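The values are calculated or read from the model by the stated rules, or taken from the named source; none is laboratory data. No experiment lies behind these values; they were computed from the predicted model shown. Here the Cβ positions follow ideal geometry from the backbone for every residue, glycine too, while neighbour counts run over all protein chains shown. The accessibility values were calculated without ligands, DNA or RNA, using every heavy atom of the protein model including side chains. Shrake-Rupley method; radii C 1.70, N 1.55, O 1.52, S 1.80 Å.
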Amino acid sequence: MKFPTALLALATSLLASSISASDFSLVGFAKENPIGATTGGSSPSNSNTTVSTPAQLIAAVEGDTSLIIYLAPVTFTLTARLKVGSNKSLIGTGSKTTITGAGINIKSVSNVIVRNLGIRFILGNDGITIQNSTRVWIDHNEFESDITGGPDKYDGQCDIVRASDWITVSWNYFHDHWKSSLMGNSDSNRDEDQGHLHVTYHHNYWRNEGTRGPAGRFGHQHIFNNLYEDYLYQAIHSRSDNQVLVEGNVFLGNTSEALSTYGLVIPMDSPNTSPDGDYELDGFANLGAKNDWGTAGINITQKGNFTEAPYAYSLTSLSQVQSVVKAGVGLGKI
Ligand SMILES: *[C@@H]1O[C@H](CO)[C@@H](O)[C@H](O)[C@H]1NC(C)=O
Ligand SMILES: *[C@@H]1O[C@H](CO)[C@@H](O)[C@H](O)[C@H]1NC(C)=O
Ligand SMILES: *[C@@H]1O[C@H](CO)[C@@H](O)[C@H](O)[C@H]1NC(C)=O
Ligand SMILES: *[C@@H]1O[C@H](CO)[C@@H](O)[C@H](O)[C@H]1NC(C)=O
Ligand SMILES: *[C@@H]1O[C@H](CO)[C@@H](O)[C@H](O)[C@H]1NC(C)=O
Ligand SMILES: *[C@@H]1O[C@H](CO)[C@@H](O)[C@H](O)[C@H]1NC(C)=O
């Protein structure tokens with residue numbers, strides 16, 4: 001009887017370790033794409049610096065030289081947007097690094113990694129704006145504000161615009177915010193955006209949010225293994241010929257619409273020019289592995305041809321998404 005008992009213990013411990021130790025390495029479009037994997041500041045020099053004041057941070061992110069920037073576990077109160085150069089990694093220390101006052105611009109650059117930062121209560125603009133930039137990995141951050149001021153008190157948490165491409169957004173905790181993450185900031189930007197905006201969203205936790213979880217125009221987004229809790233109005237919205245591949249996501253609590261390809265931009269997603277909302281062309285959606293929609297509705301008006309992600313990834317089983325995502329997201333986990 002000893003042998004089976006030992007075997008059972010071994011099997012149990014293997015199972016436990018496979019649940020607790022999530023793989024936090026880079027997956028998706030920021031890793032496998034036609035122009036090269038995102039390495040941030042780690043290649044080729046691996047040189048690094050630690051900053052603990054806004055002035056040091058602003059100086060460290062300048063220019064294209066490869067650099068890993070560790071941010072001390074303090075609050076950086078910025079008075080203007082932080083303009084990050086190419087080939088940079090920004091990595092918070094422990095679980096207390098906060099960016100507030102003004103957010104982060106990743107504009108007209110390439111190869112940037114942002115990990116383990118608390119990005120909080122950014123008024124007047126997005127928490128992070130990725131604009132005309134390629135190869136970006138946004139991982140293990142926490143984005144928060146408050147939802148009580150309606151859709152226009154704050155802007156986006158992480159917006160990706162102007163032909164940006166080859167991006168992964170993973171293991172972030174987005175909470176208490178209205179408009180979370182928009183790809184393509186106008187339906188009139190077709191010529192610029194079409195064929196770009198390839199973004200992977202995986203293992204993010206969205207809680208008490210309004211709309212745009214995410215919303216996309218003209219691009220391709222692979223949205224897998226995310227956890228949505230009280231995503232009040234509309235979570236995934238694919239419009240203006242955008243394509244999404246949606247699989248293995250879990251919706252909990254009060255969500256009215258988990259996924260829509262209907263081109264109506266609902267009034268709760270403001271700004272609208274009409275009280276009934278604005279209309280643009282519908283998007284496309286394909287479903288991969290089973291999702292758990294909870295009580296939320298879905299409205300897929302047309303299926304597209306984005307049926308398969310062009311890279312390797314492993315799916316967390318649907319029954320484990322809630323525990324794995326809650327345990328893995330946000331600060332102090334890497
Ligand atoms: C940071 O750079 C120093 C040399 O300046 C090096 O000794 C150290 O290993 C580097 N640390 C990391 C985590 O890359
Ligand atoms: C986009 O970024 C590139 C640098 O990567 C720059 O040369 C170009 O002028 C930028 N375009 C716009 C419209 O800002
Ligand atoms: C930094 O970025 C630029 C522009 O993306 C690139 O051409 C250059 O090779 C990079 N330099 C290093 C040292 O990685
Ligand atoms: C769900 O959230 C919406 C928007 O806040 C609210 O109007 C509705 O009453 C909520 N429903 C439940 C069952 O809590
Ligand atoms: C779903 O989309 C159709 C358009 O195909 C639209 O007529 C309908 O009102 C939508 N339903 C909801 C609940 O938005
Ligand atoms: C995929 O579908 C889009 C939208 O209908 C279309 O523009 C595109 O040409 C299609 N791509 C392929 C490879 O069939």
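Miscellaneous remarks
- Yes/no for Asp193 being open to solvent by 20 Å² or more (accessible area, probe 1.4 Å) and under 22 Å from Lys303 (Cα atoms): no
To keep it simple, each residue is scored yes or no on (1) open to solvent by 10 Å² or more (accessible area, probe 1.4 Å); (2) of a type in the set (Val, Ile, Thr).
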| position | (1), (2) |
| --- | --- |
| Leu227 | no, no |
| Asp230 | yes, no |
| Tyr233 | yes, no |
| Val244 | no, yes |
| Gly248 | no, no |
| Leu252 | yes, no |
| Ala258 | no, no |
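- Of all residues in the range 282-300 being assigned to a loop (DSSP other than H, G, I, E, B) and surrounded by 14 or more Cβ atoms within 10 Å (Cβ to Cβ), the one that is farthest from ligand 2 (Cβ to nearest atom): Gly294
- Of all residues making up the range 66-103, the number that are open to solvent by 20 Å² or more (accessible area, probe 1.4 Å) and either over 18 Å from Ser145 (Cβ atoms) or outside any strand (DSSP E or B) (or both): 15
- Scanning the range 146-158 for residues that are open to solvent by 10 Å² or more (accessible area, probe 1.4 Å) and under 26 Å from Gly40 (Cβ atoms) turns up just one, Asp155.
- Pairs linking a residue in the range 300-321 that is farther than 12 Å from Ala289 by Cβ to a residue that is within 16 Å of ligand 3 (Cβ to nearest atom) and in a loop (DSSP other than H, G, I, E, B), with Cβ atoms under 9 Å and 6 or more positions apart or on different chains, are Pro310/Asn33; Tyr311/Asn33.
- Counted residues, the range 301-334 - those being among the small types (Gly, Ala, Ser), crowded, with 16+ Cβ neighbours inside 10 Å, in a loop (DSSP other than H, G, I, E, B) and under 19 Å from the mean Cα position of the chain (by Cα): 2
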